[in-house]
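Asker: My structure is below; once you've seen it, I'll send some questions.
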Amino acid sequence: MENKYTIVEENPSLFWTETAEAIGGVFTTRMQEQRFGDYYFDLHLLQISKPHRGLIIELNSCFLIAPNILNEYHLDDLRIESFIPDQVSFFLHYFPKGVYDKIFWHNKPHSGFKDFDKVIGFETNRLWELRKFFANNAVRDLIQNDFYSRFNVRYENEMLIVKNQSTQLILNKEILLAEYQKFVLFIDGLIDAKLIKL
C-alpha cells in the first residue's frame with residue numbers, strides 16, 4: 001500500500017500516549033533516520049500493545065518530522081492487527097460487490113442475510129462458522145457501512161493474522177479510540193463465533 005502522509009501540527013505521540021492510558025495498553029515509540037533525496041527525516045514508529053481476551057491487539061502507525069520546519073508532522077495510516085498462534089487454518093476476504101459480482105454470484109458463498117449479501121461478497125474456508133459471525137448485526141453493519149476500514153483474516157506460518165488497514169485520518173485520541181473499538185468488535189465477533197479459539 002502506498003504511503004499517503006497527512007500533515008498535522010501536533011506531535012502524534014501525545015495523543016497515542018493518552019490513548020494507551022485510556023485503554024490500558026502499553027505505548028512504545030522508536031525513531032529511525034530516513035533519507036529522501038538530499039533530506040534526512042526522523043521517522044517515528046508508534047505502537048500500542050493491548051491484551052484482550054487472551055490475545056494481543058497492536059495499533060501501529062508512524063510519522064515523519066520534516067527537517068527545518070517547526071510543528072509539521074507527516075502522519076501515516078493506521079494498522080491494527082493481532083497475531084494469534086495455535087489456531088485452525090482460516091481465511092476471510094470480503095469486498096463490496098460490483099455489477100459483475102451481483103450478476104454472477106450464484107454459486108459463491110452467502111452469509112444468509114439478504115441486504116448484506118446484495119452489497120458484500122466474501123471468500124472463506126469456514127463458511128458455517130462465518131455465518132455465526134455474520135449473525136452479529138453490529139459486525140455486519142461495520143463491514144457494510146464503514147468505508148475507512150478493511151479487515152482481513154489469513155493463516156500464515158501456523159499463525160492466524162487478523163488485520164485492519166484503516167484509511168481514517170487519525171488526528172486525535174477520540175478517532176484512535178473509535179478505530180480500536182471497531183477492531184475489538186470485529187475480533188470479539190470472531191471469538192464468539194468460534195473462529196478464534198482461546
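Asker: So which strands (runs of 3 or more DSSP E) are wholly in the stretch 30-128 and hold at least 1 residues that are open to solvent by 60 Å² or more (accessible area, probe 1.4 Å) and touching a helix residue (DSSP H, G or I) at 6+ places or on another chain (Cβ under 7 Å)?
Answerer: Filter on the stretch 30-128 gives 92-96.
Asker: Every residue in the stretch 31-53 that is out of contact with any Ser or Thr (no Cβ under 9 Å at 6 or more places or on another chain) and modelled with pLDDT of 95 or more, please.
Answerer: Within the stretch 31-53, K50, P51, R53 meet the criteria.
Asker: If you check every pair at least six apart or on different chains, which have Cβ atoms under 9 Å apart with a residue in the stretch 67-82 that is more than 30 Å from K197 (Cα to Cα) first and a residue that is in a loop (DSSP other than H, G, I, E, B) and of a type in the set (D, E, K, R) second?
Answerer: N71/E9; N71/E10; E72/E9; Y73/E9; Y73/E10; D76/K4
Asker: Filtering the stretch 142-158 down to residues that are in a strand (DSSP E or B) and open to solvent by 60 Å² or more (accessible area, probe 1.4 Å), which residue is farthest from L198 (Cα to Cα)? Even if it seems obvious, please write down each step before you answer.
Answerer: Going residue by residue through the stretch 142-158, those that are in a strand (DSSP E or B) are 149-156.
Keeping just the survivors that are open to solvent by 60 Å² or more (accessible area, probe 1.4 Å) gives 150, 154-156.
Values: R150: 24, R154: 17, Y155: 16, E156: 18 Å.
Looking at the filtered set, the residue picked out is R150.
Asker: Now for a separate question. Right, E9: open to solvent by 90 Å² or more (accessible area, probe 1.4 Å) and either of a type in the set (G, A, S) or modelled with pLDDT of 95 or more (or both) or not?
Answerer: Values: open to solvent by 90 Å² or more (accessible area, probe 1.4 Å): yes; either of a type in the set (G, A, S) or modelled with pLDDT of 95 or more (or both): no.
For E9, the condition - open to solvent by 90 Å² or more (accessible area, probe 1.4 Å) and either of a type in the set (G, A, S) or modelled with pLDDT of 95 or more (or both) - is not met.
Asker: I'm trying to understand the selection: among the residues of the stretch 153-178, which are more than 14 Å from the chain's Cα centre (by Cα) and not aliphatic (A, V, I, L, M)?
Answerer: Y155, E156, N157, E158, N172, K173, E174
Every residue, every condition in (1) among the small types (G, A, S); (2) over 18 Å from V139 (Cα atoms); (3) in a helix (DSSP H, G or I); (4) touching a Ser or Thr at 6+ places or on another chain (Cβ under 7 Å), yes or no:
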{"position": "K163", "(1), (2), (3), (4)": "no, no, no, no"}
{"position": "L171", "(1), (2), (3), (4)": "no, yes, no, no"}
{"position": "L177", "(1), (2), (3), (4)": "no, no, yes, yes"}
{"position": "D188", "(1), (2), (3), (4)": "no, no, yes, no"}
{"position": "I191", "(1), (2), (3), (4)": "no, no, yes, no"}
{"position": "K197", "(1), (2), (3), (4)": "no, yes, no, no"}
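Asker: Across the stretch 160-183, which residue is farthest from H74 (Cα to Cα) among those that are open to solvent by less than 60 Å² (accessible area, probe 1.4 Å) and aliphatic (A, V, I, L, M)?
Answerer: Checking each candidate, the answer is L160.
Asker: Could you please tell me which pairs satisfy a Cβ distance under 6 Å, a separation of 6+ or placement on different chains, a first residue in the stretch 135-157 that is closer than 14 Å to E123 by Cβ, and a second residue that is in a loop (DSSP other than H, G, I, E, B) and of a type in the set (S, T, N, Q)?
Answerer: Final answer for the pair search is Y155/S89.
The values are calculated or read from the model by the stated rules, or taken from the named source; none is laboratory data. Everything quoted here is computed from the prediction, not taken from an experiment. We place every Cβ from the backbone using ideal geometry, glycine too, and count neighbours over all the protein chains shown. In case anyone asks, the SASA skips ligands and DNA or RNA and just uses the protein heavy atoms, side chains included. Shrake-Rupley method; radii C 1.70, N 1.55, O 1.52, S 1.80 Å.
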